[in-house]
Amino acid sequence: MSNGDAEISICERQKVALNEQIDRISSLPDPILAHILSLLPTEDAVKTVLIRRFGNLWTYIHNLDFDVCLYHECTEVDYEDTVDEERLINLIRHVLILHQRSDIHRFCLKLELNLWSTPGQLELANEIDTWIRFALRKKVKVLELDFKACGNSGPEGYHKLPNVVFISDFITELKLVYCCVEPREHIQLASLKSLSLNGILICDKMMIDILSGCPALESLFLYECYGLHKLDFTSVNLKNVVIELDCHDSSRLEVSCPYVTSLNISGIERTDLYNVSSIVDAALEFDNRFFDCACGQYREVKMLFEQLYDAEVFTLFTRAILHDDPWLMEYEIDGENFWDLQRSSFHCLRSHLKTIRIRSFKIKSCAVKLVHFLLRKACVLEKLVIETNWVSYPDEENPFTSETWKEFSEDIHSCPRASPQAVILIL
């Protein structure tokens, strides 16, 4: 290669290196840059004002997320210290004053608010209402209001939401945590598709009003809400329901869900199910504080199989049956194990149930017999998933390499199956 060719090659490599150093992000159009900033934590998006190309583009972001938990480790926070709270409040004030976009997609506020805890909370509550109204004026689609954050607020200090929260043609997803839901006018959330309520005191009548005011609702999540005794889901659009009963409330809950296709209930032992023929995906958990493995309550498991005869996926969380509780025993009836007495299969096992998941599994005789029963009776089973974890074995260094697990695996894989194609997974 001649000297001239070598010089040309060097120049070409230098041009390539120079091109690689070009800031291509800065050449993007403003709307795209604003969209990228919307994916950042709001405080980080605001800091881009220091970059000349970005300037005030942050004022056009469409996601506004304000979370006090981002400023500390939740397990170590000192609830008497208001520094993090003041920092967040100042950020919110700054952003809302300068924000220029005419609409926003998401507005999330996560801040501990207990009206009876510290002075000044009432004034803060009034200001929070102005923030909420700001979001609604901007035609927010996803609204999340969490007034527990990492604190321990009680219902006596709940913040009562302004009525405008329940009158919107734009909200499609609403999440409320530790607040008072008492709308003074008829609820009108015509576009709402997903509703999540967490730690909220709500009566049966209020729930009826909420459901009637949300005709397009498809998914409902109720976490540790109390005051409820009866839920009647009559909307043909509501397909997905998740209920986690308050562990401090021992009262029973009636649930009727004629059109629901996916049902997840934690605390099923305190729940009476009706009209469940449409359910194809069921996830049910027994709470070991209420379910003591008594013979009659084993029969409750049988009744669930019989009720959910159309289910194709059945996930069973049975802590009391599968965990090593101090009072755990293998109950027998006339000298025989309960599952061995079930001579005939359930309808769902014969014709529909294709996937079974058992979580938090620990090897116990009664649990193993349950697995044997399912394998013998599930005629169209395609997959049985058995999940366990280290928490179930606190005293063993590596329980999953033990002979016990090896023997268990060999046992269930050699167990007679009603469905020869069934795959067994141990996770």
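Listed by position, the helices (runs of 4 or more DSSP H) inside the range 21-111 whose residues that are over 23 Å from F134 (Cα atoms), open to solvent by 40 Å² or more (accessible area, probe 1.4 Å) and modelled with pLDDT of 90 or more number at least 1 are 30-38. Restricting attention to the range 347-366 and to residues that are in contact with a Ser or Thr (Cβ under 8 Å, 6 or more places away or on another chain) and of a type outside the set (S, T, N, Q), the residue that is farthest from T315 (Cα to Cα) turns out to be I363. A residue that is more than 18 Å from V181 (Cβ to Cβ), touching a residue at least 12 places away in the same chain (Cβ under 8 Å) and touching a helix residue (DSSP H, G or I) at 6+ places or on another chain (Cβ under 6 Å) occurs nowhere in the range 220-243. Against the definition (open to solvent by less than 10 Å² (accessible area, probe 1.4 Å) and either of a type outside the set (D, E, K, R) or at pLDDT 90 or above (or both)), how does V140 come out, yes or no? When the stated conditions are applied, V140 passes them.
List, please: which pairs have Cβ atoms under 6 Å, are six or more places apart or on different chains, and start with a residue in the range 192-210 that is at positive phi and end with one that is open to solvent by 10 Å² or more (accessible area, probe 1.4 Å) and of a type in the set (S, T, Y)? From residues that are at positive phi, the pairs are G199/Y178. All but one of (1) at pLDDT 90 or above; (2) under 17 Å from the mean Cα position of the chain (by Cα) hold for A283, so report the exception by its number. The one condition A283 does not meet is (1). Annotation: of all residues in the range 189-209 being under 24 Å from T261 (Cβ atoms) and of a type in the set (G, A, S), the one that is farthest from the chain's Cα centre (by Cα) is A190.
Need the failing condition index for L192 against (1) touching a helix residue (DSSP H, G or I) at 6+ places or on another chain (Cβ under 7 Å); (2) open to solvent by less than 40 Å² (accessible area, probe 1.4 Å); (3) in a loop (DSSP other than H, G, I, E, B), just the number. For L192, the failing item is (1). Here the range 176-189 is the region considered, the condition is being in contact with a helix residue (DSSP H, G or I) (Cβ under 9 Å, 6 or more places away or on another chain) and of a type in the set (V, I, T), and the residue that is nearest to L238 (Cα to Cα) is I187.
Conditions (1) in a helix (DSSP H, G or I); (2) more than 29 Å from I61 (Cα to Cα); (3) open to solvent by less than 20 Å² (accessible area, probe 1.4 Å), marked per residue:
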site: L136; (1), (2), (3): yes, no, no
site: K148; (1), (2), (3): no, no, no
site: V164; (1), (2), (3): yes, no, no
site: E182; (1), (2), (3): no, yes, no
site: K205; (1), (2), (3): yes, yes, no
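Among the residues of the range 258-280, those that are at pLDDT 85 or above and aliphatic (A, V, I, L, M) comprise V260, L263, I265, L273, V276, I279, V280.
Looking for something at pLDDT 75 or above, under 20 Å from L308 (Cα atoms) and among the hydrophobic types (A, V, I, L, M, F, W, C) - is there at least one such residue anywhere in the range 386-406? Scanning the range 386-406, I find no residue that is at pLDDT 75 or above, under 20 Å from L308 (Cα atoms) and among the hydrophobic types (A, V, I, L, M, F, W, C), so the answer is no. In the set (1) more than 19 Å from I132 (Cβ to Cβ); (2) touching a Lys or Arg at 6+ places or on another chain (Cβ under 9 Å), the condition left unmet by G227 is number (2).
The values are calculated or read from the model by the stated rules, or taken from the named source; none is laboratory data. This structure is a prediction, so every number in the text was calculated from the model and none was measured. Cβ atoms come from the backbone with ideal geometry, glycine included; neighbour counts cover every protein chain shown. Accessible surface areas use protein heavy atoms only, side chains included; no ligands, DNA or RNA. Shrake-Rupley method; radii C 1.70, N 1.55, O 1.52, S 1.80 Å.
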